[in-house]
Structures are given as structure tokens and as C-alpha cells.
Amino acid sequence: VTSVPSPTLPVVLRRGSSRPLHVQLAGQVRELVTSGALPPGSRLPSNRALATETGVARSVVEQAYDQLLAEGWLVSRRGSGTFVADLHPGGSPASAPGEPAPARRPAPAARPLVRLGTGNPWVDRRQDAGWRRAWRDVAAAQPPRGYPDPAGLPELRTEVAAYVSRTRGMACGPDEVLVTSGTTHGLGLLLTSLSAPGERRTVAVEDPGYRAAVATATQSGWDVLDVPVDGEGLDVQHLAARPERVDAVYVTPAHQHPLGLTMTGARRLALLAEAHRRDALVVEDDYDSEFRYDVAPLPALAALDRSRVVYLGTASKTLMPGLRCGWLVGPAELVARLAQLRAARHDHPVWPVQRALVTMLREGHLDKLVRAARREYAARGARVTERLGRHAVLASPVAGMYATLLTPAGVATAVAEDARRAGFDVPLLAEHARTDGRTGLVVGFGGLTEAQLARVLDVLSASLRERGSGAGEPDGDLALG
Ligand SMILES: Cc1ncc(COP(=O)(O)O)c(C=O)c1O
């Protein structure tokens, strides 16, 4: 039998007060129950534990508990302890002492819709061996006594530098890597570090684009300039013609979010030239380049100009968003400055997560997971293309874990409504746009179970076929230009 540790209670008893100790204790516990601080079902400390904790005799606690049991605030279950009783909505005891509390039947909850999010990766429990190994290593490791290094665990920075060099053609060392809590965290840190008091700064973003980046920029006190996207990526000519001062440009060159295309080599060079002309920083969000099925991804944009491009990577797609772990790669001085800013506000990367990631990278578990997921996404992407590509225009060959369909606005909303009735929440392309007029649906297929995927493809293809999406009819308004 394992002993359950006793919870502590925030009670303070005053000796020498005119109120006896057991009355004080009963009053304070009653107050904790009626205020909701101790909800129904909470276990109370044992007589002995509470007596030790508050420095009184066990009989004092016994008297106080007896009083509250008699009043119906507490119930005692033989062999397992004393608990807060179920209460009526008005906050009074539900039943007379000794009577069983009436069971409360919760109202049936509506079944939540299955969201086809672009960012939900596939998780296969058969791939858990690496994780088990990683968490065992965490348990065996010596945690730091104080706050961990604000730039990240040195061994993780080394592993990330090797991973980025190997997979993204971008040779870098550990001092150029800052461990973050994900892409948006890295972006927020960077933008905050570049802010100057009393001065407005502007970041140019892709439109349609990643809404969380826009929210991060705005919350960091930056203005946002929307720049259209054409078939080659962010429209640099459009940017060049804008009279506003632009301090940074945020792009997703490997896999434009949410249209899915790759920024061409020529467009990359044009973007760097324009950034140079404006003395603006380029922020590269490389969220899912591990998952390409047609051709290998181009090397990172940052590989072309390490001093002007700050690179943001994440474990959210390769492992899981719940990990909240990513990395920023930039010049060593910038990394050191960002680490200093973080230390000043105790924004240190979480130690167990970093330690687990060291094992995942060092022992090749991440590579193995990526290979398995890539096979799964390639097969799923081909199915989505085959089933939906007949009825709607795909914005680009499918990569990553979502497919973007271009349809007239009315078709998109009608199909999304049909999907909703079948239990699925399919994001509209318009949700990702601020000024852009392209419309359609963004079908995230990573996080679905096999059964959900089969069902939603049936629903979407039937709905698209019925509502006529205009597939195959060139439509100037929809084309990527
Ligand atoms: C464009 C883009 N960037 C980055 C991310 C990942 O963000 P984070 O690393 O903060 O989880 C996502 C996830 O959906 C995304 O769509």
C-alpha cells in the first residue's frame, strides 16, 4: 500500500486567543469549503498531519473535523480519509450527515468538432520508444540547481546546431543557437529586442500568412505591413514600391503558410537585396521543411546571408506542439543579447523538455520519427490530392501536413458548413488573410485518425462535387499569379 502524501491547508491558529483552537480551525476550514477554495471531493489532511503542521494536539483537529462532519461540510470514508462533501448549488451541505450525497448528473456535452488544423502533427504511439528513452534520461539526469542557461542547455544547442547544419544546409555553431519555446516565442523575443522606446517599428508579413506571427508582432508593439504573395513567394516588387519604413520582413520560404508554395531562388535573392536596401532584418520561419514529398527542400534562406536573416525552427511539427520547444539561429552577438534579455525576466527555457530533446536528437529518435511521419504524410497528401484535387484547384503541390484548396468564397463556406454538420471544423483560407482576396479551404490532415481522414475526405469530396468548385476552370481571381 502506498501512502498518499497529506495535502497542506492554509490555516493559522492563534494560541491565547479567546476562541478555542478547535473552533478557530473549524471556522477556517469551513471558510475554505464555502469559498470554493476546497472544492467537493478534496481530501483533507489526516488528523496527525494537520496536528503536526499546525503545532496543536491531535484532539484539536479531531474536534474540529467532528464539528464539520456533523454540519455536513465534510464526509469521512472509512479507510481512505476525510473529504469535502458534495454541496448544493447554494453552497450548503447536500445531505444530512450520514445520508449519501445525491449524484449530480452533468448535462451531456456536445461532441466537439474535429479541427483540421494546419499545425496538428500525426502522432503514432508505436513510435514511443524514443520518447520513453528520453524521459528516462530526464529522470536520471542531475537537474540544474539554479535557473538553466537562458540561451538553452549547452548540449541541446550543440545538437540543434548539428541538426540545422545537416538538414538545412546552414553550417552553424552552438553559440549561434538560442533555444526558444517555439517559433512565436522566438519571434516575440527578437521583435521586443529590436524595439526602441517611443519609436514605432514595422514588420512586413505575407498575406495570406501566419496569423500567430501577426498577433505576436502586434503584441510586441510593432506595426504590420501586409505584402501579397504570388506564385514565387512574397511579392518583393510590391514591397519595394511601398513608401513605409520597414524594419523587418517575416517569411515562410520553405512552405508558404498557408498557400503551400516554395519561394523560388530568384525571389530569395530579390528579397535579400530589398532587405539590404532598406537595412531590414529578414525573419525566416522554417516550420515544417522536414516534410517535402516531391523534391528535397531548398537550403534555408538564412544559408544565403547569415548576417541579415534570423532563422526560426520548431519541434512543434516534427515532435509535438505541446512540447513548446524551438530554436532561433542568428549571429552569436544577437543570441547573447537575447539570452541576457531573457535572464532579466527569468524567461529561461524549461529544463526537462530540453534534456529530453537532447536524447531525441543525439540518439536519432527525432530522425526516425520524421522518417515515419514523412511516409505517412506523403501517403495522406497523395490521397487528399487524388480525392479533392478533382473537384477543386490545389494552391500548390501538397507538402507538410495540409493542403490548400482554392474555391470561390461561397463554395468554401458551404463546404465548410457541410463539414461542420459531419463533425469537422475545416479552416477557411480567408481566416489566414487580412487583405488578400483568395478564398478556399485549408485541409490539415496530420492530426486526424485514419477513420477521421477517410470520413472527412468523403464529406469534402461529395460536398465539393455537389457545390461545383470551378476546378479546372482558370479563374483570374483565384490564381496565384
Ligand atoms: C507558419 C507556422 N509557423 C510556426 C508554427 C509553429 O509555431 P510554434 O513553434 O510556436 O508552435 C506553425 C504552427 O502551426 C505555423 O503554421
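What the table below lists for this structure:
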quantity: Relative contact order (%) - criterion: Cα under 8 Å, at least six apart; region: segment 417-469; calculated: 34
quantity: Kirkwood-type radius of segment 111-263, with distances r between different C-alpha atoms, in Å; calculated: 18.8
quantity: Environment charge of Gln340, counting only residues whose C-beta is closer than 15 Å and scoring Lys/Arg +1, Asp/Glu -1; calculated: -1
quantity: Under-5 Å amide H pairs with Thr314, H placed in peptide plane, nonlocal only; calculated: Trp327
quantity: Kirkwood Rh and Cα Rg combined as Rg/Rh, segment 143-193; calculated: 1.01
quantity: For segment 248-315, convex hull volume per residue from C-alpha positions, Å³; calculated: 85
quantity: Under 5 Å, built H, 5+ apart or other chain: amide partners of Leu225; calculated: Val203, Ala204, Val205
quantity: Gain in span if fully extended, Gln127 to Asp294, counting 0.36 nm per residue against the direct Cα distance; calculated: 57.7 nm
quantity: Percent of alpha-carbon pairs separated by more than 20 Å within segment 303-455; calculated: 64
quantity: Other-chain or far-sequence residues with amide H under 5 Å of Tyr210's (modelled H); calculated: none
quantity: Sequence of Thr8, Thr262 from largest to smallest accessible area, 1.4 Å probe; calculated: Thr8, Thr262
quantity: Label zone at Gln63 (point 7 Å along Cα-to-Cβ), backbone N below 11 Å, segment 8-37; calculated: 19-26
quantity: DSSP beta bridge pairing in segment 277-413, given as percent antiparallel to the nearest 5; calculated: 65
quantity: Share antiparallel - DSSP beta bridges, the chain, percent rounded to 5; calculated: 55
quantity: Dipole in debye (nearest 20) - segment 224-332, about Cα centre, beta carbon charges: Lys, Arg +1; Asp, Glu -1; calculated: 240
quantity: Label-point separation, Arg166 to Glu386 (7 Å along Cα→Cβ), nm; calculated: 3.3
quantity: Crossing angle, helix 365-388 versus the chain [Cα axis fit, 0-90 degrees, rounded to tens]; calculated: 60
quantity: Percent carbon-and-sulfur accessible area, segment 360-456, ignoring ligands, DNA and RNA, probe 1.4 Å; calculated: 53
quantity: Where only alpha carbons of segment 173-243 are counted, the Rg and the Dmax (Å); calculated: 13.9, 38
quantity: Environment charge of Leu32, counting only residues whose C-beta is closer than 15 Å and scoring Lys/Arg +1, Asp/Glu -1; calculated: -1
quantity: Value at 222 nm in deg cm²/dmol, rounded to 500, when DSSP H runs of n ≥ 4 in the chain each add -39,500 (n - 2.57); calculated: -12000 deg cm²/dmol
quantity: Order by protection proxy (mean Cβ within 10 Å, highest first), peptides 59-67, 245-253; calculated: 245-253, 59-67
quantity: Projected-area average for the chain over all orientations - Cα convex hull basis, square nanometres; calculated: 30.2
quantity: Equivalent ellipsoid semi-axes - Cα gyration tensor, segment 206-262, angstrom; calculated: 18, 16, 7
quantity: Kirkwood hydrodynamic radius of segment 226-342, Cα pairs, Å; calculated: 15.1
quantity: For the chain: relative contact order, % (alpha-carbon pairs under 8 angstrom, 6 or more apart); calculated: 17
quantity: Solvent-accessible area per residue, Å², over segment 284-414 with all protein chains present [probe radius 1.4 Å]; calculated: 37
quantity: Potential lengthening between Arg337 and Tyr147 on full extension [0.36 nm per residue; Cα-Cα distance subtracted]; calculated: 66.7 nm
quantity: Cα-based helix-to-principal-axis angle, 58-71 vs the chain, degrees rounded to 10; calculated: 80
quantity: Segment 128-233, accessible surface, carbon-and-sulfur percent (1.4 angstrom probe); calculated: 53
quantity: Between helix 129-140 and the chain: long-axis angle, C-alpha atoms, 0 to 90°, nearest 10; calculated: 50
quantity: Bridge type composition, segment 132-245 - antiparallel percent by DSSP, nearest 5; calculated: 30
quantity: Neighbour net charge for Leu189 - beta-carbon separation under 12 angstrom, K R +1, D E -1; calculated: +2
quantity: Cα centre as origin, Lys/Arg/Asp/Glu Cβ charges: the chain dipole, Debye; calculated: 1680
quantity: Segment Arg242-Arg371, length gained on full extension (0.36 nm per residue, minus Cα span); calculated: 42.2 nm
quantity: Taking segment 313-399 and dividing mean pair separation by its residue count, relative contact order in percent (alpha carbons under 8 Å, at least six apart); calculated: 20
quantity: Among 327-337, 292-302, 15-25, the order from most to least packed when residues are scored by Cβ within 10 Å on average; calculated: 327-337, 292-302, 15-25
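The values are calculated or read from the model by the stated rules, or taken from the named source; none is laboratory data. Just so you know, these numbers come straight off a predicted model, no measurement behind them. For neighbour counting, all protein chains shown are included, and Cβ atoms are generated from backbone atoms with ideal geometry for every residue, glycine included. Note: accessible area is taken over every heavy atom of the protein model, side chains too, but ligands, DNA and RNA are not part of it. Shrake-Rupley method; radii C 1.70, N 1.55, O 1.52, S 1.80 Å.
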